[in-house]
Amino acid sequence: MWRSWALVAGMMIGSGILTMPALLAGYGSYSFIGWAVTGFGAICLALTYIYLSSRKPGLGGPYFYVHDAFGSKWAAIVAWGYWLSLVASVAALALAFTGYSKAYLPFLDNNPLYSATFAICIIMLFTFINIRGVREASTVQLITTVLKILPLIFIGVAGIMFGEVKEIPAIKPDNNSLFHMVAGLCLLIMFAFIGVESATLPSEDTIEPKKTIPRASILGTLTALIVYMVAMLGLMSTISLAELQQSTSPFADAAQILVGNSGAIIITIGALFAISGTLNVCIMITGTIMLAGARDGLFPSYFRQQNSQGTPVRALLFSSTLGIILLLFNNSESLISSYEYLLIIATFAVLIVYLGTGLASIKLQWKDHKQSQNISVFHLTIAILATLFSLLAIIGAWVIYQ
């Protein structure tokens, strides 16, 4: 169960919380409304996946459920969209890892070639770890998840205790309405919650999946939400919003203010563990989703091949290669600009997947009802809320780029 918990919490708690404060600083205290709404939506999505996995576990998570509800045509859209989201996430995470490394690897600073080469090496390292098998990858995930949470909680609590919480103003960029502002925030913040489905993906490798997956999904989502809220409040209480908007390593900067150089070093190391843990899961899932899709003919059969440990090596290598190409295409931009661009690609693509999952849950429950099976009002309500939240965040893409 704890390895599955680490997949969920570790997938969420990564570069989203570590780099996103710079993107959310322009909203001030309004960003906490976005965190609350997105956290609620993520919990609804997690409960939706719990229902679907308990109803019928299968390899591929969201893809499998949409295939069961709507057939191969819509499943293909979900499979490709989900895979594209993961590939963009791999590139974004490698950039975030590079950003936090710059403080102690000065040769990376202001040198796009060195930065790109370093990010590529990080992708290749975690691809190799995943090629060794799910067990090894999940063990790495458990270790990195525990190590990443502690420094975030430390900065959050220290910032709340010694910072000035009252100095966080409420800001509405572009004078948007509250609805449009929250929609835009949901789109940005949802990147930090990508992973609610993680425990359902390697279900063939999970012990007692009907018991393990629900526990891991809820505990992982709640862990991430609590860590996010505490960490963001502490951070915004420590660093001015103007400085925060320009920071590529905000938690390290906050640690520098609170406890000096030693604290900044500890936070940077924790941040690197956090980002690497999320990168590890993303790479793992790119292989899983391609393998599941290849079995059903949605991806080329070339990606069905597995090694003696059951690892889809070809799928992993192809996905990581595409992630490297995406990274190189964005290397001419500033780190924050490149990160935001890749974040939007990843989040928008995965929201289509989450929308499909919510609709699949509604469809399958209606199907069970027509077959005279009892259905739960609670699970149906949760599926509707998850669908509505996904639509709200999708609207956020129009708000941000109108």
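Assorted remarks:
- Percent of Cα pairs exceeding the 34 Å cut-off, where the set is the chain: 24 percent
- What a 1.4 Å probe finds exposed on the chain is 65% carbon and sulfur by accessible area, rounded to a whole percent.
- The dipole here belongs to the chain: it is taken about the Cα centre, uses +1 on the Cβ of Lys and Arg and -1 on the Cβ of Asp and Glu, and is about 1120 debye.
- Here the sum of -39500 (n - 2.57) over DSSP H runs of 4 or more residues, divided by the residues of the chain, equals -25500 deg cm²/dmol at 222 nm, to the nearest 500.
- Per-residue SASA entry for residue 37, accessible area with 1.4 Å probe, Å² rounded to 10: 50 Å²
- The residues of the chain expose, per residue, 39 Å² of accessible area to a 1.4 Å probe.
- Bins of 5 Å from zero: percent of alpha-carbon pairs in region 245-285: 6, 25, 22, 18, 15, 9, 5, 1
- Rounded accessible area of residue 368 (nearest 10 Å², 1.4 Å probe): 10 Å²
- Residue-level accessible surface for residue 318, protein heavy atoms, 1.4 Å, Å²: 90 Å²
- Heavy-atom accessible area with a 1.4 Å probe sorts 5, 80, largest first, into 80, 5.
- Acute angle (nearest 10 degrees) that the helix 250-259 long axis makes with the longest principal axis of the chain, alpha-carbon atoms: 50 degrees
The values are calculated or read from the model by the stated rules, or taken from the named source; none is laboratory data. Values in this document were obtained by computation on a predicted structure and should not be read as measured data. A quick note on method: Cβ atoms are made from the backbone with ideal geometry, for glycine too, and the neighbour counts reach across all protein chains shown. In case anyone asks, the SASA skips ligands and DNA or RNA and just uses the protein heavy atoms, side chains included. Shrake-Rupley method; radii C 1.70, N 1.55, O 1.52, S 1.80 Å.
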